[in-house]
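Novice: Pasting a structure below so you can have a look.
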Amino acid sequence: MKSSYILLSLFALVACNVLDLYTTQSGDGTYYGPDNNSGNCGIYPVPSQISSATQGLNVAMNAPQYFGSAACGLCLQVTGNGTGSGSNPITGTFLVFVNDQCPECKPGDLDLAKNGDGRWKISWKVVDCPVGDSKIQYSYQSISQYYIKLQPRNNRIALNYISIQDPTSGTYFAMTRTSDNYFTLPDSYNAKPLTFPIKIQLVAFNGQVLNDTVPQEVECNSAVEVLISQFHLSLLLSLKLYKVLALAQDQALLPV
């Protein structure tokens, strides 16, 4: 039971950190040139409605607020007033998509994936991604009877974690999140070989839960829509941490 509480505490800590990003952050905005589909988050191509709303502008999140890839897929509203130094001031308010990590950036900093020069004062906060009525998508890097590495994308609200069901016991196990923004089977998951389709649950940072099944007949390294639903608008963010903890306990996560 002790390790269960540790696991829940880790999810709660990450959730708390990401929820903080819904309040205004301040730092420096810089440029690192086009990312050429090489960002650490690996969300390529960027879902069409998000790409249209951001005009294709990705950013690298500073390392302290990258949260081990939990910041991947966030949409940020950025504002700059041209204060700073260099040749290309950051001005106005615009939307960007987190698809990379900036190892040398400090808390509050963002590195824009476009050509430019200078260091400029900015403020920003997380907003719901403009996905309209489209569904969440999955991209599989690998899937077999013994291994899964999948990445949800096109979600309106960022994911806290995914849990996968052991079909024999009915228990859900939290999947392991990787630094490149994928989810894999936890070491504690022993229901192998896998029997498809497999039930999973996606839990957003504001506590919303979506239920789905993972099919095996998918093409790796391509995005497919599987879910019949999408996260709602983030109206529950004010409920904060205890909602996440309550939902995690309801899912009866086992020790890892």
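The values are calculated or read from the model by the stated rules, or taken from the named source; none is laboratory data. Treat the numbers as computed from the prediction; the structure is a model and nothing was measured. Reconstructed Cβ throughout: ideal geometry from the backbone, glycine too, with neighbour counts over all protein chains shown.
Novice: Would you confirm whether or not region 207-214 contains a residue that is modelled with pLDDT of 90 or more, surrounded by 13 or more Cβ atoms within 10 Å (Cβ to Cβ) and in contact with a Ser or Thr (Cβ under 6 Å, 6 or more places away or on another chain)?
Specialist: yes
Novice: Let me ask something else about it. Kindly check whether there is at least one residue in region 106-126 that is more than 23 Å from D180 (Cβ to Cβ), in contact with a helix residue (DSSP H, G or I) (Cβ under 7 Å, 6 or more places away or on another chain) and either outside any strand (DSSP E or B) or of a type in the set (S, T, N, Q) (or both).
Specialist: Among the residues of region 106-126, not one is more than 23 Å from D180 (Cβ to Cβ), in contact with a helix residue (DSSP H, G or I) (Cβ under 7 Å, 6 or more places away or on another chain) and either outside any strand (DSSP E or B) or of a type in the set (S, T, N, Q) (or both), which makes the answer no.
Novice: How many residues, within region 41-70, are surrounded by 19 or more Cβ atoms within 10 Å (Cβ to Cβ) and within 15 Å of P152 (Cα to Cα)?
Specialist: Number satisfying all stated conditions: 8.
Novice: Which pairs do you get when a residue that is within 16 Å of Y140 (Cα to Cα), found in region 184-213, comes within reach of a residue that is modelled with pLDDT of 90 or more and aliphatic (A, V, I, L, M), reach meaning Cβ atoms under 6 angstrom, with the pair 6+ apart or on two chains?
Specialist: L185/I148; I200/I162; I200/I164; L202/I162; L202/L210; D212/I200
Novice: What do you reckon, is K114 at pLDDT 90 or above, in contact with a Pro (Cβ under 7 Å, 6 or more places away or on another chain) and under 19 Å from I43 (Cβ atoms)?
Specialist: Judged against the criteria, K114 is a match.
Novice: Looking only at residues in region 170-183 that are assigned to a strand (DSSP E or B) and in contact with a Pro (Cβ under 9 Å, 6 or more places away or on another chain), which one is farthest from S139 (Cα to Cα)?
Specialist: Among them, the one singled out is F173.
Novice: Kindly indicate which of K192, K240 is of a type in the set (D, E, K, R), at pLDDT below 85 and over 28 Å from G39 (Cα atoms).
Specialist: After ruling out the rest, the residue left standing is K240.
Novice: Among (1) among the aromatic types (F, W, Y); (2) at pLDDT 90 or above; (3) in contact with a helix residue (DSSP H, G or I) (Cβ under 8 Å, 6 or more places away or on another chain), which single condition is Y31 missing?
Specialist: In the conditions (1) among the aromatic types (F, W, Y); (2) at pLDDT 90 or above; (3) in contact with a helix residue (DSSP H, G or I) (Cβ under 8 Å, 6 or more places away or on another chain), Y31 misses (3) alone.
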